[in-house]
Each structure stands twice: as structure tokens, then as C-alpha cells.
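This report concerns only the one structure given below.
The values are calculated or read from the model by the stated rules, or taken from the named source; none is laboratory data. Everything numeric in this text was worked out from a predicted model, so none of it was measured. Cβ coordinates were reconstructed from backbone atoms using ideal geometry, including for glycine residues, and neighbour counts include every protein chain displayed. Please note that ligands, DNA and RNA were not included when accessible areas were found on the heavy atoms of the full protein model with its side chains. Shrake-Rupley method; radii C 1.70, N 1.55, O 1.52, S 1.80 Å.
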Amino acid sequence: MDLFTFILLVLILCALIFLVYYYFKGQKGNVSLSSPVESRVDEYLDRRFESMVQEWELVSHSRLGKYTEDKEPALGQEEARLADLKNSQAGMQTALSSLEARLDTLEKELAGKSAKK
């Protein structure tokens, strides 16, 4: 094995190790393959947001606690409303499918009657 072959094998091995590391590092979060840099930044900010707020002292702890206490019940109500909306959406989809089927049947009957005349 000459020097060139050895260097080439080392470079290929390093590239392979880097790719495996990069892949498993991305497995910790939701990293998109179409935009890996943006999704990694989003994951980093999601993980570090609370500590960044504390570190930069953007809001005092008392105001943050008060805001959380004020908004948490409203958030629970909104989540319940969203669940109700999703249930009603499923019901509306079923009703719409039924109406479309009935409309198709009526159109076929009308087309059959007009063809007989």
C-alpha cells in the first residue's frame, strides 16, 4: 500500500465518521433533510429558549410566572376548542361525503330521465 492509497483511505474513513456523527447528532431532534441548518438552529433555540430568557433577563421571574398563570387556563380552553373543532371537522367531512354521493345519484337519475325523453 503506497502513501496515496493510505491518505485516500484515511480521508474516506474521516468523511464516513463525520457523516455517521452528523446523522446521529441529528437523531436527537427533529432535523429536516431539506433544510438541515435551519432545523438545527430551530432545535437549538427550542432547547435553549428558557435558559436564554433567564440569561438575557428579558423578563422578570415574577412577570413570567404571572403571565404563565394568566395564560395557562386560556391555553387549556383553546386546546379543548381545537379538539372540538377537529371532531366537528370529521363529522362535516362525513356529511359532505354523504351529500356528494347523494348528489351524484341525483345527477345520474336526471341524466337517465333526460336520455329517455
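Below, the figures for the structure above:
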{"quantity": "Top of 106, 19, 64 by mean-square fluctuation, Gaussian network on the chain, Cα under 10 Å", "calculated": "106"}
{"quantity": "The range 48-103: chymotrypsin sites (Phe, Trp or Tyr not before Pro) in DSSP loop, at most 10 other beta carbons within 10 Å", "calculated": "none"}
{"quantity": "Option label - Cα Rg over 2.2 N^0.38 Å computed here, alternatives (i) 2.21; (ii) 1.01; (iii) 1.18", "calculated": "(i)"}
{"quantity": "Carbon and sulfur %, accessible surface of the chain computed with the full protein complex present, 1.4 Å", "calculated": "64"}
{"quantity": "Protein-only accessible surface order, largest first, of 4, 18 at 1.4 Å", "calculated": "4, 18"}
